[in-house]
1. What are the residue pairs meeting all of these: first residue in the range C:418-438, first residue over 14 Å from C:ILE297 (Cβ atoms), second residue modelled with pLDDT under 90 and of a type in the set (S, T, N, Q), Cβ atoms under 8 Å, and 6 or more apart or on different chains?
2. Only one of these conditions is not met by C:SER8: (1) within 13 Å of chain B (Cβ to nearest Cβ); (2) at pLDDT 90 or above. Which number is it?
3. Is it fair to say B:LEU229 is more than 30 Å from B:TYR96 (Cα to Cα) and surrounded by fewer than 24 Cβ atoms within 10 Å (Cβ to Cβ)?
4. Going through C:ILE205, C:ILE195 one at a time, which residue ends up being in contact with a Leu (Cβ under 7 Å, 6 or more places away or on another chain), more than 16 Å from C:PRO243 (Cβ to Cβ) and crowded, with 24+ Cβ neighbours inside 10 Å?
5. Quick one: B:MET257 ticks every box in (1) within 11 Å of chain A (Cβ to nearest Cβ); (2) under 20 Å from the mean Cα position of the chain (by Cα); (3) at pLDDT below 90 bar one, so which box is it?
6. Can you list the helices (runs of 4 or more DSSP H) found entirely within the range C:1-104 that contain at least 1 residues being crowded, with 16+ Cβ neighbours inside 10 Å?
7. For A:ALA82, indicate whether it is closer than 22 Å to B:THR45 by Cβ, small (Gly, Ala, Ser) and at the interface with chain B (Cβ under 8 Å from one of its Cβ atoms).
8. Check B:LEU11 against each of (1) in contact with a helix residue (DSSP H, G or I) (Cβ under 9 Å, 6 or more places away or on another chain); (2) part of a helix (DSSP H, G or I) and name the one condition it does not meet.
Amino acid sequence: MDIVSLIAAKANYWTYVILLMVGLYAMVAKNNLVKKIVGMVIFQTAVILFYVSIGYKKGGTLPIIMHGHDHGHGVDSFIKAADYINPLPHVLMLTAIVVGVATLGVALALAIKVYQEYGTLEEDEIRKQIELKG
Amino acid sequence: MKILGTITILLCGGLLIFFTSDFPDFGDPKSPASIHLSPYFIEHTLEDTAVPNIVTSVLADYRSYDTMFETTVILTAGLACFLLLRIPTKEVTRRYYLHEPTGVTLRFDGDRYPKGSNVFKRIDSNWVPYDIIINFTCRLLIHFIQIFALYVVAHGHYSPGGGFQGGVVIGASIILFAISSNLRASIKRLGEKAAAIFTATGVFIYAGTGALCMVIGEHFLNYSFLAPLLGTDRIMARSHGIFIVEIGVAVAVMAVMIWIYYNLSSAGKQDEGL
Amino acid sequence: MTFFDGDSSLISNLPAIVVTLPLFASLIAGFLGWKNRKAPYPIAAVALFLTFISSVVLMIQVMSTGVAIEYRMAGWAAPVGIVYVIDHLSALVILLITSIAFVNFIANKSNIDTVFRNKAGAFNSLYLLFTAGLLGMTATGDAFNLYVLMEIASLSGYALIGLGSNRAPLSTLNYLFLGTIGATFYLLGVGYIYIATGSLNMADIASIMPKILDSSMILFAFIICMVGLLIKMAIFPLHGWLPNAYSESANVAAGLIAPLTTKVTIYIMIRICLTLFTPQYTFDYLNTSDLMVWLAIGTIIFGSLSALAQKDYKRMLTYIIIAEVGYMVGGFFLGNRIGVSGAILHIVNDAAMTLALFMAAGIFMWKTGEESQESLKGMFAKMPFTMAGFTVAALSVVGVPPTCGFFSKWYLISGGIAAGQYFFVAALIFSSLVNAILFFRIFEIAHFEPFKDHHHHSSNHSNKGEEASAHDTHEQTIKEAPLGMLIPFMAVSILLVVLGLYSGQIVNNIINFAIPSSIL
């Protein structure tokens, strides 16, 4: 396989890996809690890119049946699965997006609570305060 | 920590990229994901549910149970933000008022506020004057955004869209209003209690439809048993059932976006904020 | 029995009812919470009780028919739609979840009233949603549906834990980060399974598995699903979030989440390994046993040693939980019938023991207002019934017959010997000894030390509970916990012995059917 078609075949998956690792790095190595939360969102978004990439089919169009507005009577024979991209990953990712938003909301709420308690969002400063309090 | 993190991440990333070599090519129509299950959805959506948008039919019918819990997840998030952050507004004692004839700003501690006064106007502590252009533009836009949102909800059967997307757009329009004027003006129009009750109602519409199907039929969320109630055949009953639950999703998502925004932007005080 | 025969549609819909009942109740409780602060509690209690009853009926149904119940959500059959599969294993875990959620809820009424005063509606809703999430995770036969329900349980868990002591939000935020990484890894694993098989239904994937055993995508899916679940169950190098999150939360939240979260995650691991990846792949093809058992040994040793170093009672319990996770993971990956039986039996027993210990913690907190072990001085004289129950729970954790802890440990040790994993056996015995030291240390403090010292010791703390306790010590009389706390606690302690006496029946009649026949 030559290099161009290799890149075309795998570029999406490589991008998702890079995004995933960017997010994971931010969550592991960053000191600021909000940066960690941003990392978490990137991390989740990478998985969404991965799923949506699975769903793509060459030569397929949006998963909405063309000329399907007469409620399905007499159009069945025209529908070929190869004409439409795979709808299932899109459905799953709609759910995953909502889960991501929900997690983000709760994470921000907790970050606000942490800020109210310590007056800072930097982890090392918080740790210092905890050590001082014993 | 940083070095350890970097090494771990490089290793993980290398491993992940190595494993992609075995993947089917991007867009390969012969990959297992494209030939095992998904052709059923594409080929049968019209005869099963009479909904041309396959994403909608899978989302709200074949995998409707997932979507019910998706709605529940955001209800959970709304409740979680409320439980973690909310403090009663009564406990917030410091407020700022603008004396409009003179433009003097006064700070009040305790609860001796000039209630019902014509000359004093409540302002935020980080209040900035002269936001008339933003305010006016947003007021103009919000109606169109909301009408578009209703279109997205209602047209989810035939075009990209549906309850979740439409609900988010309505929620965003109200958040835009809160940003362009202020939080109190928004809370006056759609209070926290209303937002919470709307959220629960949205989930209730969804789960209640499911339970109704179970009571008169045999499976949870099997809309075809609603046919006698809706006065249509079993296939169209599925289409209508999808529409009902999409409305539930839209209401829940709209309300929970607003509810979470109220709590996050004011750190739970809901007195002033962005 | 007219109820069973008369309304057959109710019975046939039980798998859906058992999950949606808490969901509906949480909506109603949230609704009414805005009007009336007192209304949500009874609604939630009744709903949890009804859920418990339905799970009992489910269990009876599964045991009497002997076949798994399949329930089609929205009427669509397996690979197309989402199905719930209630077999012996999931029925057992469902029964466990509903009973623990109910008992803990009843026992902690006063704790709910004091900690969540103004937010009773939201709290009760989240408690029910957490229960619903766990029940759904247990019942579902769909890999993606499992993820959604896992997130419901996690998010409500974060909220319940986050409202504890002053440090709770920070430790909960760390828990949230790790929990999200774990759940997202699991989701990624499901994506890899989907790309290799094109299916999301566990049974359907299992039927495709023999054809793709050597696929690297499946290998990676297995690895990343396992890593995700191991983070969520807090196994040794990935345990960091657990001790802080559990020990700093309110009692009612800890009493619900500590017994259930890790155990249900272990159940999910067993479910994924047996039903989704098939035992053939997990044990024979990959030969994961050795690696995982060593991980378990590390967890047991680490958890036990760390527990030994703790001064605070609740923190000690959290490290015991970590050690017990090692028991179950190790027992399962021994890969023989006895070991797997022991792991499943230990899920039940350990959940009950942890519940009893956290309920005891709740009673001690109510009595003394502080969490250090020192504060337990003279407890045997002051609270004889509580301490009797506590003794039973402690002996069960140590593994003394006839309490249930002995029997599951017996199975685990026999399984370890049968598999030739002698280090695992040694780790189990070591951990039992450490547990014995831990609890006899507490017995000593609570029994032998004179309790007039107590006032002196706690006088340098200055919280409200301490004043009450100082008052108690002056009187030197027996003053038990209120009956609302004591009766559920005593019931759980008795249950620990009952579970022990009937463990043979549980293994023969339930767990035997839960393990696929290919595991010998």
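The values are calculated or read from the model by the stated rules, or taken from the named source; none is laboratory data. Remember, predicted model here, so these are calculated numbers, not experimental data. Heads up, the Cβs are rebuilt from the backbone with ideal geometry, glycines too, and the neighbour counts pull from every protein chain shown.
1. Short answer, once both residue conditions are applied: C:ALA418/C:ASN336.
2. The number of the failed condition is (2).
3. yes
4. C:ILE205
5. Only one criterion is unmet by B:MET257, namely (3).
6. The qualifying helices (runs of 4 or more DSSP H) are C:8-12, C:14-33, C:40-65.
7. Values: closer than 22 Å to B:THR45 by Cβ: yes; small (Gly, Ala, Ser): yes; at the interface with chain B (Cβ under 8 Å from one of its Cβ atoms): yes.
Considered against the rule, which asks whether it is closer than 22 Å to B:THR45 by Cβ, small (Gly, Ala, Ser) and at the interface with chain B (Cβ under 8 Å from one of its Cβ atoms), A:ALA82 comes out as yes.
8. Against the list (1) in contact with a helix residue (DSSP H, G or I) (Cβ under 9 Å, 6 or more places away or on another chain); (2) part of a helix (DSSP H, G or I), B:LEU11 comes up short only on (1).
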